[in-house]
Amino acid sequence: MVLCFITWCERRAVRSERQPQTKVMVEEMEVKGQRYFKGGQKKGQKRPAQDGIKRRRLDATSVSYFRRVSERLSEGFTEDEEKALFVENVLSEVKGQAVLVSMDMTGSVALERLLSLASPAQVAGVLAELGGETGSEFRDVSCDQCGGHVMESALRQAHRWNEDDSDVTQEDEEHCGMLEAEVKRVCGVVRESLVQFLKDPYGSHVLRTLVQVLSGSLSPDAAAAQTGKKQKKAKAEVLDFEFPVSFWWELKHLSERLMENINVCVTDACASATLQTLLTVCHRKRPLLCRKLIKGIMGYLTALSSAPGVSPLLVFLKDPSCSHLMQTVFSCSQKAVLRDVYRSHLRTQLMPLALHPIANYTIQSLITASARFRVFLKIFDELMEGFEAILAAGHMGVVVLMVESCVYWEEKQNELLQRLLQAFHCSEPASLQVSCLPLFLSLLAYEVYYNTETAEGDALTQPVQRRLSVSYHGSRLVQALAGFKDRSVLMNSLHGFGSADLLTLGTDRSGSHALQKLLTAASDKGRGKILRKLEELYVPLACSSCGSRLLEAVWNSATVSQRQSIAEKLVPSESQLRSDQFARHIWAKFGLTNFMKRRADWQEVQTGESKKRKMFSDILQ
């Protein structure tokens, strides 16, 4: 049954009898509740009132009520009718004091989660009350640390408008029209007080959500928030949904107002994030508007005064706030814009920028955005002039992205590989190249990794063997190099690995991805050589969180005979594998029970999967 709650009238009667204790209860609950909210006020510290008005709070009984509402929402509902009745009852209690509930820590959490279960008409009703008669109260609620979350939750409900097109009734369309009208009312208030929304840390988040809703595209974080529960891993997909035509015009008008305040968007961190959101969603949904925005942004930035002979763009690339905006601009720009930016502003300036602690991130975005265009070749040549300096500065993101981009330019691959071998001191003589893989993985030069120099600087004749170490960017570097056409240097170095190093690499959080890329990119013959060295390691790999994922990836790219060899090594350790939290999934996915008892059926299934994989591979090629 639906949880029964005390009505507001009954609570008022109880409150009148217990008036002396109310103040103490409120203070205790406020102190207790603030421990669970990030950024909550410390004990004895008062929040500044908005516009000089003293901040009102819910009474103790109401706080307890909404805490029980949150607990009931966490339990979930077994029937839709039960859920609908619960939502209706709670919203009836909220009616008349929605603003107060939204700006209360406990009440806002309950209301935020409740709106994700409410109907469009109910959401529209809450928004109508939050905005007041003129809609002016939207600003105060949106710029509140609690109310802003409620506003975001209400706006996000737009993605449910067309979930069941076949079952839409006339009444449903009217309810959607009510919500559409309220969203447009929010847009009007935002345009009137745009600068305040842009600069406010809470209001800017509401503005970003509004931009996404108007474009019909919710980010993964926003989509995940609909459940009201913390997810282990957010989905990478963006949630697209149908939206009214009027929203397109609202987005256009809002974009124009943002460009009128471009000076604020460039200099303020919160405002810059809003403009980045607008560029991102328009890049996906409104490419023409995105080009117009980029043209306006670049026009404003390049028109500002600077030192003679120095592009003003260089200043913004080094700015902590504007550099993020420039990264988004580069990511959303087309070939013509990237070419013009390089020719007019960045030519001969890439090396100082790549070495700068902030600007190097904008250069990374520029490299990624231009990877498939010919302008990348000019960027590549200029950065190669100071390649060792970039490595010495520790800006491995620039180096890794250069390598990843060279996958599309075969003529540059050998040049870059040779420069890497020289930088890690394993180029000459050629016999040293067999040691390149552990150097790349650890990002250490040959002399440092093998400790071939004494304290006095004299060279040792025999390198000192050491345990394999793997760094994140080293793994990224090897994964990128595995995409080159000629991988013989890497594979020869991998063949020199012993069992201990292979096990370390395969069970390492970063190294397992590098080994997976090398094995899956190798030919059947080259993969077979490595698998023969891994035969005694299949069981410890299967019992590792990273190793089991590696083993599964190898299985998916292996031939039928290689799969049979892997299965033969795993089956004798059945009890260990089936009792391990990671290996038991390997046992099931590889069909090892069938391999033991019905070998012919297992062979037939694996042969069919191999044929399907080859067919799809031929289609993709």
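Brief remarks follow.
- Positions within region 287-317 being in contact with a Pro (Cβ under 6 Å, 6 or more places away or on another chain) and either farther than 17 Å from residue 359 by Cβ or not hydroxyl-bearing (Ser, Thr, Tyr) (or both), in sequence order: 304
- Search result, residues across region 60-89 that are in contact with a helix residue (DSSP H, G or I) (Cβ under 6 Å, 6 or more places away or on another chain) and either farther than 17 Å from residue 116 by Cβ or at pLDDT below 50 (or both): 60, 61, 63, 67
- Restricting 533, 485, 525, 529 to those that are farther than 23 Å from residue 564 by Cβ and among the basic types (Lys, Arg) reduces the list to 485.
- Residue in region 609-621 that is among the polar types (S, T, N, Q) and at pLDDT 90 or above present: no
- Across region 353-406, the number of residues qualifying as outside any helix (DSSP H, G or I) and within 17 Å of residue 338 (Cβ to Cβ) comes to 5.
- When region 292-332 is filtered for residues that are part of a loop (DSSP other than H, G, I, E, B) and either at pLDDT 95 or above or of a type in the set (A, V, I, L, M, F, W, C) (or both), the ones remaining, listed by number, are 304, 307, 310.
- Just one of the listed residues (550, 577) is touching a Gly at 6+ places or on another chain (Cβ under 6 Å), within 22 Å of residue 516 (Cα to Cα) and open to solvent by less than 80 Å² (accessible area, probe 1.4 Å), and it is 550.
- Flag if residue 129 is assigned to a helix (DSSP H, G or I), at pLDDT below 90 and either in contact with a Ser or Thr (Cβ under 7 Å, 6 or more places away or on another chain) or more than 23 Å from residue 255 (Cβ to Cβ) (or both): no
- Test for residue 566: is it open to solvent by less than 20 Å² (accessible area, probe 1.4 Å) and either among the small types (Gly, Ala, Ser) or farther than 15 Å from residue 517 by Cα (or both): yes
- Looking across 431, 427, 405, one residue alone is open to solvent by less than 30 Å² (accessible area, probe 1.4 Å) and modelled with pLDDT under 95. It is 427.
- Selection count, region 247-267, where residues are surrounded by fewer than 20 Cβ atoms within 10 Å (Cβ to Cβ) and more than 15 Å from residue 211 (Cβ to Cβ): 5
- Lone unmet requirement of (1) within 21 Å of the chain's Cα centre (by Cα); (2) at pLDDT 95 or above for residue 399: (1)
- Criterion applied to 138, 86 was being of a type in the set (Phe, Trp, Tyr), touching a residue at least 12 places away in the same chain (Cβ under 8 Å) and surrounded by fewer than 24 Cβ atoms within 10 Å (Cβ to Cβ), and the one residue passing it is 86.
- Scanning region 478-511 for residues that are of a type in the set (Phe, Trp, Tyr) and either within 15 Å of residue 439 (Cα to Cα) or open to solvent by 10 Å² or more (accessible area, probe 1.4 Å) (or both) gives a single hit, 497.
- Checking each residue of region 361-368 against the condition of being touching a helix residue (DSSP H, G or I) at 6+ places or on another chain (Cβ under 8 Å), under 24 Å from residue 258 (Cα atoms), open to solvent by less than 10 Å² (accessible area, probe 1.4 Å) and not basic (Lys, Arg) gives at least one match.
The values are calculated or read from the model by the stated rules, or taken from the named source; none is laboratory data. Everything numeric in this text was worked out from a predicted model, so none of it was measured. Neighbour counts run over all protein chains shown; Cβ positions are idealised from the backbone, glycine included. The area values use the complete protein model at the heavy-atom level, side chains included, leaving out ligands, DNA and RNA. Shrake-Rupley method; radii C 1.70, N 1.55, O 1.52, S 1.80 Å.
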